[in-house]
Structure formats: C-alpha cells, structure tokens
Amino acid sequence: MATKEEIVKSVPQTGFFGHPKGLFSLFFTEFWERFSYYGMKAILLYFMYDKVKKGGLGLDETTAASIMAIYGSLVYMSGIIGGWIADRILGTRRTIFWGGILIMFGHICLAVPGGLTFLFASMVFIIIGTGLLKPNVSSVVGDIYAEGDNRRDAGFNIFYMGINAGAFISPLVVGAVKEHYNYHAGFSIAAIGMAIGLFMYTFNQKEKLGIAGVEPKNPLNAKERSSILKKFIVAVIVVAALVILATVSGNLTIDVVVNFFTVIGLLAPISVFIWMFTSKKTKKEEKSHLLAYIPLFITGTMFWIIQEQGSTILAAYIDQRTDLTMGSFVIPASWFQSLNPLFIITMAPIFAWIWIKMGNRQPSTPIKFSLSLLFAGLSFLIMIIPAITSGGKELISPWWIVISFFLVVIGELLMSPVGLSATTKLAPSAFAAQTMSLWFLTSTAAQALNAQFAKLFAKISEVQYFGYLGGASIVLFLFMLMLSPWISKKMGSIR
Ligand code: GLU
Ligand code: ASP
C-alpha cells in the first residue's frame, strides 16, 4: 500500500495556478459533473409538470416538487455507498470513473423521449452515479496535497469555484436550448457535459494524478468480501420482494415512495451518528466532538431546507407567479437557477477577504453556522411582502427572487465552506472515508423534509408558508446563538 508521501510525490506539485497538476483534472471533472447536474435540475421540475402538449410529463405540481426533493435527497445519500465502495473495493479513482459513466447514461435517458419510465431510470442512474463520483472527487483533492501543505484550503476553494462555475453556466445553456428546441435537447446538453467531464478526467490521468486514489485505503479481505456479498444478495432479494408486494397490492404509488424515502432520508443520518458514537473505534474525546457536531448538523439541515427550495418551490413560483417579460423578451424561468452560483462566485472572494482581515477576531464556526440561518430565514420572510402585495394572484417582480436568492447566498457562504472543514475536523478519525458523505447528509435530511413541505405549500397560503419556514429558521438561529458557547467548549481545541 502506497504511503501518503509516495502518493503526493507521484503528483506534479505545480502546474495549475501554483497548485498540483491533478487539481486541473479534478476541477474540470467536477465542473462538468455539476454542469450536467444543475443544468438538468434547472429544467427537470418544469419538464415534470408541464402539459404533455408542451413537451412535459403532465404531473401535478405538488407531486413534481416532492419528486424533485426526494431525488435531491437520494443523490446526496448515495454518497455513503460511493465513499464505502472507494474505500473498500475500487479505490477512489475507478469509483469516480464509473460514477461519471452512470451519470452520463442517466442524462441520456432523459435526452430520449421515454415518459415516466425513462425519468425514473434516469434518476436511478444519476443517484448512484453521483454517489460514486461526488464525494470521491472531493476526497482526491485532499489526497494530492502533502500533510500540512498550506495550499490545501486554497485548493478546496478553487475546487468550490469550479462547482459553482459549472452550476452557473449550465442553466443558461440548457435553459436556452430547451426554449429553442425542447426538453430532450436540453437534457442532451447535460449528457454532453458529463461526457466532456469524463474525457477531462481520463485524459492524461496518470501524468496529472499519479497514484492518488488508485488503491482502496481499506480493502476488504476475502472473508469480509463473501460476507458482504451474502448481505448484498439478501438485501436485493428483500427489496425486490417488497417492490413486487407493493406493486401487486396496488400500493406502489409515487406518494408512498416519496413518504418512504422521507423516512429513510431522516433515518440515514441518525443511524450514522449512532453507529459512529457507539463504535469502539471512536475515542472519548471524539465522542464529545460528535455531540458538538449534532447542532451543527441540524443547522446545516435547516439551511439546505431553504436553499434547496430555490430549485423546487421557488422555481415553480418563478415560473408561475413572476412577471418574466422584459419588453418582447421572456426570461426563461430556468435561468434564475444561475443566480445562486453567480452570487457565490462573485461574493466568495469578498468573504475570504473579510475573514483574512478579521484574522483571529473572526466569528467561530458555531456562530457562522447560526448566522447562516438568519440570512436563510430572511430570504423566506422577505417573500411575504410580494405575497401580500400581490394578493397571492398578481404576478410579482423578479427582483424579489433576486433579493431572496442573494440573502440565501450570504448564508451559504457563511456555512457551506466551513461545514465541510468542520465535518473533517469533528468526525472520528476511524471514519475518515465517511466524512465527506456525512456532511452531504445535511442535504439528504433537508430534502427529505422538503418532499413533505412541498405538500404543505399546496395547502396553506404563501404568506403562511414563507412565514413559518422563515420564522423557524430565525428561531433556530437564536437558539444556536445561545448554544454556541457550549458547542465551542465541546469542540475543544478545534475552531
Ligand atoms: N452546491 C454545492 C455542490 O453542489 C453544495 C451542495 C451541498 O452540500 O448540498 O457541491
Ligand atoms: N451553490 C450551489 C453549490 O455550491 C450550487 C447551486 O445551488 O446552484 O454547488
């Protein structure tokens, strides 16, 4: 097994803006993967609820929003499996490759007109593919820097810019292609994007990435292999039996599936915490860190509840309740999905500058986390104003959406970059391979809940909806603020 030093030595340490050459491959792999994901997501909701004669699937809006949320929840949940496969069977590099292939197939399924069956097939491919690719690509970023290399944080920031650059461009391109041609043409662009990503990943891979991520870090031994295989076969049989049973008894409706995965989306993080907390490998001090991580995890979840609704509830709102005409031009609703990443790209450097200027006086991790909820809450509360002035009927100005998205991004910049590093520091060392996926579970839990909130949105008024969720975020903000000294204490020397 290669040591950390051997791995780092195999990667040319400069060649991409003063960073290891491998960052080039990883940056563009993730750029294109996110391009495909967010491009697809920008038109998927509309594809699901648009009338059949407009090229859509004609689902009702609430169902479409719930499916979007559950889909998002599973996309991030599968990271647990992706991390595990890389760690124990395939190694990160090969896992990423297969992930990319599955994602590409997923988009191809939508590029051909195939109705609900192809939609669900696409979702399965993309859920598994993203689980294999996303956490592992980020973890190779960590692998290419030596222990204590002070370029590492900057490397992750560049990588984060890649994510958001992909997420920024794709709704514009995919949205325009959809307007000009049709939905399937739009989804083909996503498929092409992932194909380019795969090319960028494999091209000169050995030269750029050396041996980083080639070997699994904790390979299964023969005994473990056969026991896992047995468990896997049993699980497949049980799942198949349940699906058959539910189908035969007429219980396999979209709503039942959505509710089932809401429960799973919430049970997943709870089980991971219990597993880590009770594991013999977790040291006493690490248990204290895990306790400190619970409120941070809940905060992250509340934040993503609001952030992710930008592509579900608010996306529908943009399409139906917002005046998108500008003279003779109608702004495609999908283009609004570029606002979040655009704000991230433009404001991240400002935040970085503020933190450098503040140095040691900058707020602690728990305080940054709580503040993110203040901004998320405000982003929803502000939507009460147009909801009232429009009487819930007239079209509102798109500027309300712009302001709302802007507020979310302030919160996102306070939390998202810090969240991952807090997870890396607070997760028990024996679970290093799972830390990336642990952080993604905040998005899993959030979107599992969003699948239910989508139903609530249909039942209560806009004012109530934005008021309740925005208010909940603010209440949690105050609570977290009070709790932050306790969290800091439990975090010990970690900041
Ligand atoms: N938007 C970021 C990404 O796609 C963060 C997602 C998350 O943690 O939910 O990578
Ligand atoms: N800001 C998100 C992320 O960092 C992208 C998005 O929501 O479009 O990738």
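The values are calculated or read from the model by the stated rules, or taken from the named source; none is laboratory data. All of these numbers come straight from a predicted model, not from anything done at the bench. Ideal geometry is used to build each Cβ from the backbone, glycine not excepted, and the neighbour counts take in all protein chains shown. Areas reflect the complete protein model, heavy atoms only, side chains present, ligands, DNA and RNA absent. Shrake-Rupley method; radii C 1.70, N 1.55, O 1.52, S 1.80 Å.
Report Rg(Cα)/(2.2 N^0.38 Å) for the range 353-495, keeping two decimals.
Values: Rg = 17.6 Å, N = 143, 2.2 N^0.38 = 14.5 Å.
Against the empirical 2.2 N^0.38 Å value, I get 1.22 for the range 353-495.
Per residue, what accessible area does the chain have, given a 1.4 Å probe and all protein chains present, in Å²?
Values: 21900 Å² over 495 residues.
Heavy-atom SASA per residue in the chain reads 44 Å².
So if we plug the beta-carbon distance of I81 and L324 into 1/(1 + (r/R0)^6) with R0 = 41 Å, what FRET efficiency do we get, rounded to 0.05? Mind dumping the intermediate values first?
On the way: r = 40 Å, r/R0 = 0.97.
The calculated FRET efficiency here is 0.55.
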Taking 7 Å along the Cα-to-C-beta vector as the label spot, tell me the E147-T247 distance in nanometres, rounded to one decimal. 5.2 nm
Once W400, W98, W353 are ranked on solvent-accessible area with the largest value leading and a 1.4 Å probe, the list reads W353, W98, W400
If I model a spin label as a point 7 Å beyond the Cα along the Cα-Cβ vector, how far apart are those points for N157 and L395 in nm? 4.1 nm
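If I compute solvent accessible area with a 1.4 Å probe over the protein chains, what percent of it on the range 19-172 is carbon and sulfur? Working shown, then result.
On the way: 3510 of 4960 Å².
Carbon-and-sulfur percentage of accessible area, whole number: 71.
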Name all residues of the range 246-290 having a backbone nitrogen under 13 Å from the label point set 7 Å from the Cα of K223 along its Cα→Cβ direction, giving them as ranges. none
Computing the accessible area with a 1.4 Å probe over protein heavy atoms, can you report the carbon and sulfur percentage for the range 174-251? 71 percent
Treating the Cα atoms of the chain as identical point scatterers in vacuum, please give the log10 of the normalised Debye intensity I(q)/I(0) at q = 0.05, 0.09, 0.12, 0.13 Å⁻¹, two decimals. -0.18, -0.62, -1.16, -1.38
Using only alpha carbon positions, build the gyration tensor of the range 430-495, then give the equivalent ellipsoid semi-axes as the square roots of 5 times its eigenvalues, largest first, whole angstrom. 31, 20, 5
Label point at A352 placed 7 Å out along Cα→Cβ; residues across the range 143-163 whose backbone nitrogen lies under 19 Å: 143-146, 148-163
Counting only the backbone N, which residues of the range 134-151 are under 15 Å from the spot 7 Å out from the Cα of S429 toward its beta-carbon? 147-148
Alpha-carbon centroids, the range 280-339 and the range 132-170: separation in whole Å: 20 Å
Mind checking the full-extension length gain between N182 and V124? Use 0.36 nm per residue of separation minus the Cα-Cα distance, one decimal, nm. 18.6 nm
Accessible surface ranking that places the most exposed of F47, F203 first, with a 1.4 angstrom probe: F203, F47
If you scale each eigenvalue of the Cα gyration tensor by 5 and take the root, what three semi-axes come out for the range 1-120, rounded to whole angstrom and sorted largest first? 37, 16, 12
Sites matching trypsin sites (Lys or Arg not before Pro) across the range 220-302 that sit in DSSP coil, with at most 13 neighbouring C-beta atoms within 10 Å: K280, K281, K283
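Relative contact order for the range 31-140: what percent, with Cα pairs under 8 Å and sequence separation of 6 or more? Can you show the working numbers first?
On the way: 137 pairs, mean separation 30.7, N = 110.
Relative contact order of the range 31-140: 28 percent.
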Just the number, please: carbon plus sulfur as a percent of the accessible area of the range 289-448, 1.4 Å probe, no ligands or DNA/RNA counted. 72 percent
Modelling each spin label as a point 7 Å along the Cα-to-Cβ direction, I'd like the T202/V256 distance in nm, to one decimal. 4.1 nm
